[in-house]
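Each reported figure results from applying straightforward, stated rules to the coordinates on display, with no laboratory input. Because the structure is predicted, anything quoted here is derived from the model rather than measured. Here the Cβ is made from the backbone with ideal geometry for all residues, glycine too, and neighbour counts use every protein chain on show.
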Amino acid sequence: MSEKINLKELERKAWTSYFEDGLWDIFMGLLMLTGGIRALTDNVLFTLGFVPAVLVVVVGKRFITTPRIGHVKFGRSRKVKQRRLIAIISISVIATFVLLLLPLSGLALPKISISPIIAVWIAVIFGLLAYYMDFRRLYLYGLLFAMSEVLWGQFDKPVGSITQTISGIAILLIGLFVLVRFLRKYPLPAEMRSYGGD
């Protein structure tokens, strides 16, 4: 019985260590930062901000995280959480898309601001993701995203875009701090350092 509990605890630690490298934080920070700058400058090139954001996660996991903590195959219960996570993300993307299209649908809708609705939705989705992913910093990021959306709907530019840019910088700095801490906690194995030096 104690061995089963220990295995579950080891699996939980392995799962949480997946977010211990700060790469997902940097990913979200870059997305929010480039989105805010895109709105401030009206420069469509910043729409491509998702490209370096995705590369950070893909390349970082391959060359930074895996060499230090390895690759873990999770058990059934964790895989169920992963499937629920995919379902939440899929539903949230579809629902957000519908919410954004409602004002353009031509339907006779009540004259209310949609921003608070989207903000609440963002906070709920981030909360669910934080719970299912055991990724507690997502609670904070959800609040930052939701706050930016409310201010954007209330004051439009430049208040909304500036808030989003500042929030993106804050998330990015948190991610960089977590990454540095991860690198110090998990140095490369000696044989890999030797190989790299040759």
What is the spin-label model distance, in nm, from Val120 to Arg181 if the labels are put 7 Å beyond Cα along the C-beta direction? 3.4
Among 121-129, 180-188, what's the highest-first ranking by average C-beta atoms within 10 angstrom per residue? 121-129, 180-188
Could you tell me which trypsin sites (Lys or Arg not before Pro) in the stretch 108-167 are loop residues by DSSP with no more than 12 other beta carbons within 10 angstrom of their beta carbon? Lys111, Arg136
